[in-house]
1. If you count, for each residue, the other Cβ atoms within 10 Å and average over each peptide, how do 323-330, 277-284 line up from highest to lowest?
2. How far is helix 188-197 tilted off the main Cα axis of the chain, in degrees rounded to 10, range 0 to 90?
3. Working out 0.36 nm times the residue gap between residue 298 and residue 342, then minus their Cα-Cα distance, what length gain in nm do you get to one decimal?
4. Quick one: Cα centre-to-centre distance for the stretch 52-89 and the stretch 103-156, in angstrom?
5. Express the relative contact order of the stretch 173-289 as a whole percentage, based on alpha carbon pairs under 8 Å and six or more residues apart in sequence.
6. Can you tell me the relative contact order of the chain? Whole percent, Cα pairs under 8 Å, sequence separation 6 or more.
7. Enter the angle in degrees (range 0 to 90, nearest 10) between the Cα long axis of helix 259-280 and the first principal axis of the Cα atoms of the chain, meaning the one along which they spread out most.
8. Across 10 Å bins from the origin, how do the percents of Cα pairs in the chain run, short distances first?
Ligand code: TTP
Ligand code: CA
């Protein structure tokens, strides 16, 4: 499966402020040179009806929406990242193997848990959509297919809030009438080139002589176009390596040096980080606290344990110690606080190490 969150940045903004839902919403990267200089990051589907899309100048988007009650907002990466992290944790739990690509997309290998049954896979996709909607109030589009390539094209075909499943025997007919542009890796330039060769649709491309494609595009790309247009792809869903660290940071209601207030906030962050550790079955050996002071200077204190720990109490106790230490050593006021765990290891890795160390006796 490929899960793609719909109009992601703009949908995050709608979720934060539901009154935006019936207005065109444009999320912008302001360059700061003049009031309207910069580019559109993304827009909700209402704004897209007026021709507003990723990459166009903000001034152009304003022109297109000049007669409408539209909302223009600056990007808030930190907020989107937090929502993305939460959703990726949800998705991860539904996959045999999981591969996040970018902030709002992920591939899920669900072959084993569905016993390669497409009916089950489609039901699972519906469950995932429902779960993401209930837990994070966001819609996504899902494509199901026999490989990553087909899943991706299937997810793109019906948006927003789509669910498209393509069985192996349907792949050829599904792809054949689509414009070549739908294939990953076919941009505007390649599209034009393919069209002059006489391949407007994926089906036409599929019937093209592979040698001819290699002559025009080189071996690597030519072979890829040939395989892709025939729905052939054997790229595995690649589990990325474990994160180096997990952290959370948040802004305090008021600047303070009050230990109780700092800990109250920090413990909530510990709970969040801890639940992520649990979900991934990770242990930590180091942890840190962060303080962004009222003058925006950044301070941190860290602690490393002798052995990996996996419990919340140890984490909170160390956080308390480090905040006490920090307040004793520094006289700044905290504006934001954060906590981090690092030197992460898989729980089962430790188990394996112990087992191989102690031999069969521990089994
Ligand atoms: P996309 O998934 O390409 O787009 P989208 O989620 O906004 O819309 P869709 O419903 O079609 O999937 O990109 C994900 C996010 O990445 C998007 O919300 C904003 C950001 N982005 C940019 O900042 N600039 C860009 O040019 C693009 C394409 C995306
Ligand atoms: Ca998206």
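1. Details: 323-330: 14.5, 277-284: 17.0.
Ranked by mean Cβ neighbours within 10 Å, highest first: 277-284, 323-330.
2. 20 degrees
3. 14.0 nm is the gain from fully extending residue 298 to residue 342.
4. 25 Å
5. This gives 17 percent for the stretch 173-289.
6. 13 percent
7. 40 degrees
8. 5, 18, 22, 25, 18, 9, 3, 0
Coordinate-derived values only; no laboratory data. Predicted model only: the values in this text are computed from it and were never measured. Every residue, glycine as well, gets a Cβ built from its backbone with ideal geometry; the counts of neighbours run over all protein chains shown.
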